[in-house]
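Colleague: Take a look at the following structure, please.
What follows draws every value from the coordinates through simple rules; no lab data is involved. Nothing here was measured: the structure is a model prediction, and the numbers come from that model. So basically every Cβ, Gly included, is an ideal-geometry build from the backbone, and we count neighbours across all protein chains shown.
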Amino acid sequence: MRLRHAAAISLLGWDLLLPPVSLVTQHVNKDAPLSTWNVQRTYSRKKACEGRMDRLRRQGLAAAQKQGSAYDPDLSCPACNAQCVDADDPRLKK
């Protein structure tokens with residue numbers, strides 16, 4: 001791989017994505033196409049993105065525990081369903 005090519009790849013980064021939430025039901029649509037997910041932030045390194053994703057998930061699960069058993073983090077917690085995706089991933093294209 002040429003140095004220029006490697007530099008170009010590293011500039012793309014990693015997107016921390018949160019799934020869309022239905023305005024009607026207020027449920028997380030984790031099955032929606034990635035092109036419709038919300039970019040929370042872009043990171044230059046995958047490890048940084050994954051670290052933030054892990055913190056968001058822990059915070060979401062902690063909030064779920066405070067809500068009690070009626071709270072389903074899979075349906076009601078966008079942060080619990082966050083994903084780190086390469087910013088050049090073709091699934092992000094509309």
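Colleague: Just subtract the alpha-carbon distance of GLN83 and ASP54 from 0.36 nm times their residue separation and send over the number in nm, one decimal.
Modeller: On the way: separation 29, 0.36 × 29 = 10.44 nm, distance 0.95 nm.
Value of the extension gain: 9.5 nm.
Colleague: Once you list every other residue whose beta carbon is under 14 Å from the beta carbon of LEU61, what net charge do they have if Lys and Arg are +1 and Asp and Glu are -1?
Modeller: +1
Colleague: Report the label-to-label distance for THR36 and LYS93 in nanometres (one decimal), using points 7 Å from each Cα along the Cα→Cβ vector.
Modeller: Simple spin-label model gives 2.0 nm for this pair.
Colleague: Between SER44 and LYS66, how many nm apart are label points set 7 Å from Cα along the C-beta direction?
Modeller: About 3.4 nm separates the two model spin labels.
Colleague: Show which aspartates and glutamates lie in cross-link reach of LYS66 when reach means a straight Cα distance below 19 angstrom and same-chain residues fewer than eight apart are skipped.
Modeller: LYS66 reaches ASP54, ASP74.
Colleague: With θ taken as phi - 60° and the coefficients 6.51, -1.76 and 1.60, list the Karplus ³J(HN,Hα) couplings across segment 26-42 in order, rounded to whole Hz; mark glycine and proline as x.
Modeller: Couplings: 6, 9, 6, 9, 6, 9, 5, x, 4, 5, 9, 6, 9, 7, 7, 5, 10 Hz.
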